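I have placed the structure first, in the form of structure tokens, so that the comments after it can refer back to it.
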Amino acid sequence: MAKINITNNIRTLRFFANEMTQQELAEKTGVSRQTIVAIENGKYFPSLELAFMIAHTFEKPLDAVFSFEIINDKKKKK
Amino acid sequence: MDIKEKRILVSLVGSVVVMLFYAWYIYSRYIAGNPDILNDFRFWGRSFLILIPIAIGIQILIHIIFAIIIHILWKGEDIDPIEDERDKLIELKAIKISHYIFIVGFMLAMGSLALGMQPWVMFVVLISSGFVASTVNELFRLYYYRKGV
């Protein structure tokens with residue numbers, strides 16, 4: 001199974017959403033601030049449900065928030 | 001270190017201290033003067049049954065004191081943060097590892113009986129494996145919170 005690397009633009013999107021705080025995003029998505037911190041730092045990959053909730057909060061499609069890269073064949077998919 | 005990590009650390013230290021103190025108490029009070037008691041099953045039964053409420057009570061007390069200290073020292077910090085999918089995943093992974101450790105300990109305990117060792121060896125191995133499994137559970141939770149899951 002190919003390994004994938006998931007990255008996100010949450011920090012940038014928070015900045016463009018009137019510098020939304022991590023706590024505000026956490027409250028809007030129903031998780032703890034620590035989980036938002038872990039997602040931003042790439043230490044936790046959220047469930048599909050939470051990923052959609054985050055995208056919905058920023059009013060963006062999912063692929064505008066998260067992107068992934070297949071490490072084995074270096075093929076990047078956005 | 002966030003509140004959840006601090007709480008795990010407090011719980012870890014609390015359980016280690018309680019277990020060591022209880023083991024020392026049982027040894028010095030009962031075993032040191034009368035080693036034959038090790039072969040008395042009632043002694044082991046009573047020791048188990050007394051340990052459980054004591055450990056739970058002290059853990060509750062430690063967490064209450066911890067919450068008060070956190071509230072006084074870090075007023076802005078959320079004492080009871082929401083438990084979400086990441087917490088559940090971390091707990092699941094840590095429990096899985098601790099179950100494996102306890103299973104190994106259980107097999108060793110049964111193995112000691114199969115090899116004809118004294119029954120007290122089985123009890124010591126069983127209690128130790130439960131304690132190690134619980135400690136490893138806390139350590140892995142701490143590890144997953146720090147390193148990511």
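Numerical summary
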item: Rounded accessible area per residue of the stretch B:22-105, 1.4 Å, Å²; result: 70 Å²
item: Helical mean residue ellipticity (222 nm; -39500 (n - 2.57) per DSSP H run of 4+; nearest 500) of chain B; result: -28000 deg cm²/dmol
item: Estimated inter-spin distance, A:GLU40 and B:ILE72, nm [label 7 Å along Cα→Cβ]; result: 3.2 nm
item: Dipole of the protein assembly as shown, positive end: most advanced residue of B:SER28, B:GLY148, A:THR29 [Cβ charges, Cα centre]; result: B:GLY148
item: Average beta carbon contacts from partner chains per residue of A:20-31, 10 Å cutoff; result: 1
item: Gap separating the Cα centres of the stretch B:82-100 and the stretch A:3-70, nearest whole Å; result: 21 Å
item: Value of relative contact order over the stretch B:81-149, rounded to a whole percent, pairs C-alpha under 8 Å and six or more apart; result: 44 percent
item: Cα gyration tensor category, rounded, prolate or oblate, for the stretch B:1-92 with a/c compared to 1.5; result: prolate
item: Residue-averaged beta-carbon neighbours from other chains (10 angstrom radius) around B:84-94; result: 4
item: Simple label model, 7 Å out from Cα along Cβ direction - A:GLU27 to A:ASN5, nm; result: 3.6 nm
item: Inter-chain shielding of A:37-47 (mean C-beta neighbours from other protein chains, 10 Å cut-off); result: 3
item: Per-selection Rg to Rh, the protein assembly as shown - Cα, Kirkwood hydrodynamic radius; result: 1.12
item: Residue-by-residue Karplus 3J(HN,Hα) for the stretch B:97-105, coefficients 6.51, -1.76, 1.60, Hz, glycine and proline x; result: 5, 5, 5, 4, 5, 5, 4, 4, x
item: Order of exposure, largest accessible area first, which applies to B:ASP87, B:ASP40, B:ASP2, A:ASP63 with probe 1.4 Å; result: A:ASP63, B:ASP40, B:ASP2, B:ASP87
item: Förster radius 35 Å - calculated FRET efficiency between A:GLU49 and B:MET117, Cβ distance, rounded to 0.05; result: 0.10
item: Backbone HN-Hα couplings from phi across the stretch B:51-66 [Karplus 6.51/-1.76/1.60, Hz, Gly and Pro as x]; result: 4, 4, x, 5, 4, 5, x, 5, 4, 4, 4, 4, 5, 5, 4, 4
item: Value of Rg to Rh for chain A (Rh from inverse mean 1/r over Cα pairs, i.e. Kirkwood); result: 0.99
item: Simple label model, 7 Å out from Cα along Cβ direction - B:ASP40 to A:SER67, nm; result: 7.2 nm
item: Cα-based convex hull volume of the stretch B:41-149 per residue, rounded to whole Å³; result: 115 Å³
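The values are calculated or read from the model by the stated rules, or taken from the named source; none is laboratory data. On a predicted model such as this, the values are computed, not experimentally measured, just so you know. Neighbour counts are summed over all protein chains in view; Cβ atoms, including those assigned to glycine, are modelled from backbone coordinates with ideal geometry. With ligands, DNA and RNA removed, areas are computed over all heavy atoms of the protein, side chains included. Shrake-Rupley method; radii C 1.70, N 1.55, O 1.52, S 1.80 Å.
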